[in-house]
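This report concerns only the one structure given below.
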Amino acid sequence: MAESFEDYGDLKFYYGFLPPNAPGPADIRVTGAVLHRDPGFETANLISLGSDARAEEQDVLPQGFKSHSGFWGSAVTGDEIGSKLWLLGRSVITEEVLRQAEQWVRESLQWKIDDGIDADIRVTATRGGENQINFIIREHRTLGDVVNQRYYINWEAQRLGRLA
């Protein structure tokens, strides 16, 4: 059987939803004996955005937090993996918080520029209701195409501990 482009890449993550529209835990899918793959960078983006990057000493930790956190995979790879978005989890969504979120999303995806995948990454964060931040990530690939992706973070789900 000939291999196709879809036979390569990371395992593809699929997210279910818990009420009220909060992302549930990630899962993988299998068809027959074949794991679904992500030949692009969707899974890599989800890991970059959804994993907790270690906070710097000067970063303000959310109330009640004592740990600077960090993704265990960073110790294995030697590269910082994840985002600092977790630091905003108990913040009131203001323009300042939206600008900080944009910066931390860009930082979490900087590896794609460093590795030559993207030439530029632009992030726009907007308020999506009382407890939600919406992100539009526009990636300008080094080969010339542009990829737009949308994500969101639901603060209420984080507060209630429903995010994986």
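Just a few scattered comments:
- Flag for Gln100 being surrounded by 15 or more Cβ atoms within 10 Å (Cβ to Cβ), within 21 Å of Leu46 (Cβ to Cβ) and touching a strand residue (DSSP E or B) at 6+ places or on another chain (Cβ under 6 Å): no
- Helices (runs of 4 or more DSSP H) wholly inside segment 62-164 that include at least 3 residues being in contact (Cβ under 8 Å) with a residue 12 or more places away in the chain: 95-114, 155-159
- With respect to the conditions (1) surrounded by 15 or more Cβ atoms within 10 Å (Cβ to Cβ); (2) over 22 Å from Ala55 (Cα atoms); (3) modelled with pLDDT of 90 or more, Val147 falls short on a single one, namely (3).
- None of Ile81, Ile117, Ile113 is closer than 16 Å to Asp52 by Cα and of a type in the set (A, V, I, L, M, F, W, C) except Ile81.
- Counted residues, segment 129-144 - those being at pLDDT below 90 and in contact with an Asp or Glu (Cβ under 6 Å, 6 or more places away or on another chain): 1
The values are calculated or read from the model by the stated rules, or taken from the named source; none is laboratory data. Computed from a predicted model, the values in this text were never measured in an experiment. Reconstructed Cβ throughout: ideal geometry from the backbone, glycine too, with neighbour counts over all protein chains shown.
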